[in-house]
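Worksheet for the structure shown next.
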Amino acid sequence: MDPKTLLDPLGLDALYVTRPENVRYLSGFPHPEDAQVLVTHEGAFLLTDPRYPEAEQESQIPARVLKREEKEEVFKGLKGRVGFEAEHLPYAALERLRELAPAEWVPTKGVIERLRLKKTPEEVERIRKAQALAEEALAHALTLLKPGVLERDVALEIEFFLKRRGAEVAFPPIVASGVRGALPHARASEKALEAGELVTLDLGARVEGYHSDMTRTLALGRVDGELKRAFEATLAALERVLEVLGPGKSTKEMDALAREELKRFDLDRYFVHSLGHGVGLAVHEGPGLSPYTEETLEAGMVVTVEPGVYLPGIGGVRIEELVLIQDTGIELLSRFPRGWQEV
């Protein structure tokens with residue numbers, strides 16, 4: 001990263017980076033929640049504390065392991081216009097920086113996030129590894145889906161499986177069965193699975209800081225009627241988007257296309273969230289595939305496509321694929337079968 005190309009367009013003399021995902025992106029440091037990056041025209045360096053004496057070896061940029069008073073001396077030396085991440089830095093921390101540094105503190109938004117939109121081959125490989133582990137965890141979870149088993153126990157098994165394989169969970173796994181499937185972000189509960197209902201499993205792994213994200217909805221025994229139709233509609237919406245998804249496509253138009261397909265089933269009003277989001281160092285990052293963000297997809301972006309139908313008091317369906325945008329189309333990073341499956 002050339003500091004000049006980062007700072008000059010913003011008219012900054014320095015940039016103070018505090019969001020953990022951005023710190024890791026710039027430094028590779030595996031403990032970004034306890035570190036920051038300061039970018040100046042002389043270069044970028046990592047700031048952390050004496051709990052991490054190995055920082056010099058773990059960071060891809062020069063690291064300074066400083067006690068609190070030593071770190072404050074660094075800030076006292078700052079002059080001119082210094083940018084900070086307005087969406088992350090707490091107000092109280094900003095006030096302290098203003099006390100320490102004779103500089104003009106300038107709010108910035110999305111500076112490093114824009115750099116993170118397009119993944120390098122190395123980043124894609126980490127996401128690919130995370131996705132492969134998540135699919136192994138899902139295959140394991142399917143062997144547990146039986147009447148009487150608690151949602152909570154299925155979620156715990158997914159977590160244990162990933163940790164035994166040396167990964168972390170990207171987020172607490174969602175296991176939503178029966179009427180709870182109508183809750184898009186239902187956490188696993190004490191509810192027992194029952195025959196004749198749908199079960200939605202939304203899970204991801206994290207490998208070397210990079211996430212995966214995938215959802216499958218399965219039938220526990222025979223399920224038909226409204227829920228079977230909701231599944232067919234959701235799958236149709238997903239596949240219609242995947243047919244045209246690729247570089248140059250508008251994220252807003254992709255979201256609209258999914259809703260248009262659901263409208264053919266008169267179920268579009270039950271799709272209550274955005275079509276998808278970027279995935280990388282954060283499990284939810286840019287670009288957003290939604291009615292409210294109009295961005296253009298580019299090769300190197302990794303996004304989810306996750307239409308859903310949520311029928312209050314009845315149940316719900318969500319099917320989510322993880323997709324790499326390529327120069328001439330897409331690659332599905334998620335490969336687990338998405339069709340109707342009874343377990």
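Values for this structure:
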| quantity | calculated |
| --- | --- |
| Dipole magnitude of the chain, debye to nearest 20 (Cβ charges: Lys/Arg +1, Asp/Glu -1, about Cα centre) | 340 debye |
| Relative contact order, percent, the chain [alpha-carbon distance under 8 Å, six or more residues apart] | 14 percent |
| Alpha-carbon radius of gyration plus Dmax, which is the widest Cα pair, for segment 8-86 in Å | 12.0, 36 |
| Dimensionless Rg ratio for segment 163-241, taking C-alpha atoms and the 2.2 N^0.38 Å reference | 1.24 |
| Pairs of alpha carbons in segment 89-158 whose separation is greater than 14 Å (percent) | 76 percent |
| Computed helical MRE - 222 nm, the chain, DSSP H runs ≥ 4 contributing -39500 (n - 2.57), nearest 500 | -10000 deg cm²/dmol |
| Greater than 23 Å apart at Cα, pairs in K109/K252; K146/K228; K129/K252; K118/K249; K79/K118 | K129/K252; K79/K118 |
| Heavy-atom accessible surface of the chain: percent carbon and sulfur, 1.4 Å | 51 percent |
| When segment 121-332 is reduced to its Cα atoms, the Kirkwood hydrodynamic radius in Å | 17.2 Å |
| Of the trypsin sites (Lys or Arg not before Pro) in segment 204-248, those whose Cβ has at most 13 other Cβ within 10 Å and which sit in DSSP loop | R222 |
| Percent RCO, i.e. relative contact order, over segment 144-254, from Cα pairs under 8 Å lying at least 6 residues apart | 23 percent |
| Restricting segment 169-247 to GluC sites (Glu not before Pro) in coil, as DSSP defines it, with at most 11 other Cβ within 10 Å | E190 |
| Reference-scaled alpha-carbon Rg (2.2 N^0.38 Å with N residues) for segment 210-326 | 1.05 |
| Largest-first principal axis extents of the Cα set of segment 51-176 (Å) | 65, 31, 30 |
| Cα centroid of segment 4-79 to Cα centroid of segment 109-131, whole Å | 20 Å |
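The values are calculated or read from the model by the stated rules, or taken from the named source; none is laboratory data. Model, not experiment: these values are computed from the prediction. With ideal geometry, Cβ positions are generated from the backbone for all residues, glycine too; neighbour counts draw on all protein chains shown. With ligands, DNA and RNA removed, areas are computed over all heavy atoms of the protein, side chains included. Shrake-Rupley method; radii C 1.70, N 1.55, O 1.52, S 1.80 Å.
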